[in-house]
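Step one of this worksheet: look at the structure below.
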Amino acid sequence: MNTSLQDTTAEWIRDHAHPLEDLRPVVAAAKAAAVVGVGENTRESAEIDRHRVDLVKALVEEAGYRVLVIPDSANVAERMDQYVLGEREDLREVVLSGWLPNRTEATAELLKWLRAFNTRHPAEPVRVVGNGPRQTEPQDYDRVLAAVERIDPVAAAGIRERYGVIRTAHEVNEHIQIHQGTHPGRPFAELAGEALDLVRVLAPEPDILALAEQILGFHANSVAAGPDFGEVSRAIAERIAAAHEESGRKVVYFDGFALTGVLADAEVAISPGKPFATTGKLLRERFGEGYVSVLLAFGSGTIRGGLEIPEPAEGNVERTLLEAGAGGVLLPLADGGWPGGATRLRIIAGVYDPAEDGKHSIGLPSLPEAADFLGFVPVITQTRPFGEVAAAQ
């Protein structure tokens with residue numbers, strides 16, 4: 001960025017910045033909207049978690065939002081929904097059954113708060129919906145194994161061997177195992193397919209065969225198997241639209257910004273060279289200004305296991321904010337006044353490598369078109385897993 005544009009941008013930021021805790025601009029825009037998408041450029045920041053939770057609370061209390069769409073499966077969301085409705089008490093089990101990035105103190109806090117809100121507002125409770133269909137869970141493998149071992153214990157040993165390998169994906173995703181160098185070698189979808197063939201030979205009850213088929217589907221559609229992110233985005237957009245239309249209520253949805261941002265040709269590091277229209281883009285096409293996009297980003301800091309995230313490179317929007325001296329700020333962008341042009345944004349996911357920091361970003365042809373609001377945290381610390389919190393209490 002040239003010096004003149006840098007000065008202009010820094011001045012614009014100073015003139016337009018709100019304190020990060022001042023959520024009034026977002027709430028005001030949300031009152032006239034149907035869906036708010038809260039997109040994070042990392043799911044591993046305690047500070048971004050804190051702001052997301054506060055934002056969801058404000059949207060519920062002050063703007064009438066009554067559906068929360070979470071980045072998780074329908075079965076996990078159903079348990080969360082039952083908890084916030086007061087139909088179950090096992091918060092620990094509910095949180096720890098979720099997708100790995102959701103097993104946090106922040107998730108537990110939000111669910112407890114929603115439960116208390118629903119107790120006070122029984123006529124208009126907040127409901128929880130998943131952004132994905134039902135997915136395989138660890139107990140599904142156990143059900144299949146128990147059934148096939150009753151039929152033929154010897155033949156079942158081959159199924160058990162394969163399931164013993166691939167069920168590790170429920171603790172460390174397969175693509176992260178590959179990134180970390182701990183993957184056993186053969187694709188999990190291949191092993192799941194072989195296990196399914198063995199199950200078919202044994203001809204168990206139809207529901208057991210269906211579970212084995214679902215296990216294959218889980219691994220065949222994982223990130224490691226190279227999913228079509230365009231199709232993923234479309235499916236999430238349809239679920240969000242259905243949640244709004246079926247309930248007649250406003251929806252707040254949180255996920256990675258590579259999905260919630262309004263981008264026609266997004267690319268992610270795990271699938272380079274395969275641009276796709278984001279969920280946010282599809283929702284903007286459906287709802288127009290009724291879809292509000294909020295970006296939560298950061299400058300540098302520490303995430304999982306002490307992994308250090310350096311300051312962003314030149315050309316990144318986060319670098320622009322740091323050079324402008326921005327602290328924890330919230331910037332309204334929808335008025336089109338942002339003086340900068342095309343820029344980039346880091347996306348810190350499970351396969352992030354600080355040595356290749358430049359690869360972990362997406363292009364933003366227009367920041368104000370991709371997001372209506374930008375919340376920024378200069379320095380972050382890692383999230384706190386809920387299991388550690390519970391164990392310490």
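None of the figures in this text is laboratory data; all of them are computed from the coordinates on show. Just so we're clear, the structure is a prediction, and the values are computed from it rather than from any experiment. Neighbour counts run over all protein chains shown; Cβ positions are idealised from the backbone, glycine included.
Mind checking segment 149-245 for GluC sites (Glu not before Pro) that DSSP puts in a loop (not H, G, I, E or B) and that have at most 10 other Cβ atoms within 10 Å?
171
Once the piece of chain linking residue 172 and residue 61 is laid out straight, how much longer is it, given 0.36 nm per residue of separation minus the C-alpha distance between them?
On the way: separation 111, 0.36 × 111 = 39.96 nm, distance 3.58 nm.
My answer for the length gained is 36.4 nm.
Give 57/359; 250/281; 112/281; 250/274; 57/281 a once-over and call out the pairs whose C-alpha atoms are over 30 Å from each other.
Details: 57/359 34 Å; 250/281 18 Å; 112/281 32 Å; 250/274 32 Å; 57/281 25 Å.
Long pairs (Cα-Cα over 30 Å): 57/359; 112/281; 250/274.
Pull out the extension gain between residue 300 and residue 74, defined as 0.36 nm times the separation in residues minus the alpha carbon to alpha carbon distance; nm, one decimal.
78.0 nm
Evaluate E = 1/(1 + (r/R0)^6) for residue 8 and residue 264, where r is the Cβ-Cβ distance and R0 equals 25 Å; express this FRET efficiency to the nearest 0.05.
Between residue 8 and residue 264 the formula returns 0.40.
Which of the GluC sites (Glu not before Pro) found in segment 247-327 are loop residues per DSSP with 14 or fewer other Cβ atoms within 10 Å of their Cβ?
Counting only loop positions with at most 14 other Cβ atoms within 10 Å, the GluC sites (Glu not before Pro) in segment 247-327 are 314.
Where does the charge balance sit around residue 380 when Lys and Arg score +1, Asp and Glu -1, over other residues with C-beta under 14 Å from its C-beta?
-1
Can you pull out the trypsin sites (Lys or Arg not before Pro) in segment 200-249 that DSSP calls coil and that have at most 10 other Cβ atoms within 10 Å?
Sparse-neighbourhood loop trypsin sites (Lys or Arg not before Pro): none present.
Where Lys and Arg each count +1 and Asp and Glu each count -1, what net charge lies around residue 279 among other residues with Cβ under 10 Å from its Cβ?
Taking every Cβ under 10 Å from that of residue 279, the sum is +2.
Which residue, 17, 366, 244, has the largest displacement toward the positive end of the dipole of the chain when charges sit on each Cβ (Lys, Arg +1; Asp, Glu -1)?
244
Modelled label-to-label distance, residue 247 and residue 286, 7 Å Cα→beta-carbon offset: nm?
So the two model labels end up 1.4 nm from each other.
Hey, what number do you get for the chain at 222 nm if only DSSP H runs of n ≥ 4 count, each worth -39500 (n - 2.57), divided across all residues, to the nearest 500?
-14500 deg cm²/dmol
Want the number for residue 308 to residue 353: 0.36 nm per residue separation, take away the alpha-carbon distance, what's left? Could the numbers behind the result be given before it?
Working: separation 45, 0.36 × 45 = 16.20 nm, distance 0.97 nm.
15.2 nm is the gain from fully extending residue 308 to residue 353.
Counting pairwise Cα distances across the chain, what percent come out greater than 26 angstrom?
When every Cα pair of the chain is considered, 55 percent fall beyond 26 Å.
Please check which bits of segment 120-141 a label hung off residue 207 would reach, taking the label as a point 7 Å along Cα-to-C-beta and the cut-off as backbone N under 18 Å.
134-141
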